[in-house]
1. Roughly how far apart, in whole Å, are the Cα centres of the range 115-151 and the range 14-50?
2. Before anything else, pin down the relative contact order of the range 92-197: Cα pairs under 8 Å, at least 6 apart, normalised by residue count, whole percent.
3. Taking a ≥ b ≥ c as the square roots of the eigenvalues of the Cα gyration tensor of the range 172-224, is the shape rounded (a/c under 1.5), prolate (a/b larger than b/c) or oblate?
4. Could you tell me whether the range 42-142 comes out rounded, prolate or oblate from its Cα gyration tensor? Rule is a ≥ b ≥ c as square roots of the eigenvalues, rounded for a/c under 1.5, then prolate if a/b exceeds b/c, otherwise oblate.
5. Report the relative contact order of the chain, percent, no decimals, based on alpha-carbon pairs under 8 angstrom and at least 6 residues apart.
6. For the range 57-201, with every protein chain kept in place, what is the accessible area per residue (1.4 Å probe, Å²)?
7. Anything in the chain that counts as a DSSP H helix reaching 24 Å or more along its axis (C-alpha) with Kyte-Doolittle mean of at least 0.0? List them, would you?
8. Give the carbon-plus-sulfur fraction of the accessible surface of the chain in %, rounded to a whole number; probe 1.4 Å, heavy atoms of protein chains only.
Amino acid sequence: NHDWWWRARDGNQNGLLEHGTSPLGDSFYVGTKMAAKDDSSMDNSPVHDEATLDTRSWTLDCEDVGLNSLLALDGEMLAKIAEALGKETDAARLTKQADELKERIRQRLWNESRQVFANRLWSGEFVRSLAPTSFYPLLCGAATPDQAAAMVKLLHDPRKFGGTWLLPSVSRDDPAFPDNVYWRGRIWPPLNYLTYGGLKRQGEDAAATQLADDTARLFAAAWV
């Protein structure tokens with residue numbers, strides 16, 4: 001399953017992966033950009049608004065920071081499993097692949113001018129919209145200490161991801177935030193959980209605790 005992503009979701013063959021789809025079948029949205037967006041489980045997220053569907057590769061023309069970070073983590077964990085099973089060749093291959101992907105995330109999905117990890121179009125331009133997936137390089141261990149520190153600032157910035165409730169599914173200053181529909185502003189537990197894991201891995205325990213406490217308050221409120 002891990003290897004399938006590398007075969008099917010690197011539309012421009014540069015080692016960074018994109019979400020995509022297939023023209024086969026007769027399901028909803030088959031062969032459309034919407035189907036490719038659904039591939040992310042964040043179907044109407046504004047981080048996909050600027051992308052287009054490349055019908056040669058059937059991927060979006062946009063490298064997704066969340067997807068690449070999760071696959072880097074997936075490869076790292078699979079390597080540990082392979083090692084425990086005595087599959088040394090597989091472990092070495094997966095480790096090398098994951099390490100190389102982390103380096104590409106660190107170098108090519110970091111927007112220096114904004115001091116943030118972001119999706120990047122094949123044109124080289126960074127996508128304007130930011131989601132909590134921008135924190136996922138912390139989860140896979142791709143972020144440098146300086147990059148992680150810059151991301152933590154965004155966590156506390158009330159114009160971005162800070163504020164009364166954490167974490168909005170798009171930054172608060174994004175034009176899509178007021179839509180408050182699915183992934184355009186609303187808060188989703190999986191995004192909070194994965195961001196929490198990244199903060200813990202990076203050693204940002206105070207920020208992780210704040211996020212966990214805020215999340216617990218938010219969801220407990222529904223039962224009061």
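The values are calculated or read from the model by the stated rules, or taken from the named source; none is laboratory data. Computed from a prediction, not measured in an experiment: that's the story for all the values here. Reconstructed Cβ throughout: ideal geometry from the backbone, glycine too, with neighbour counts over all protein chains shown. Quick note on the areas: whole protein, heavy atoms, side chains included, nothing else; ligands and nucleic acids left out. Shrake-Rupley method; radii C 1.70, N 1.55, O 1.52, S 1.80 Å.
1. One Cα centre to the other: 20 Å.
2. 22 percent
3. Numbers: a/c = 2.49, a/b = 1.37, b/c = 1.82.
Verdict is oblate for the range 172-224.
4. Cα axes put the range 42-142 in the prolate bin.
5. Working: 361 pairs, mean separation 36.5, N = 224.
The normalised contact order for the chain reaches 16 percent.
6. 45 Å²
7. Counting only whole DSSP H runs, the qualifying helices are 65-84.
8. 54 percent
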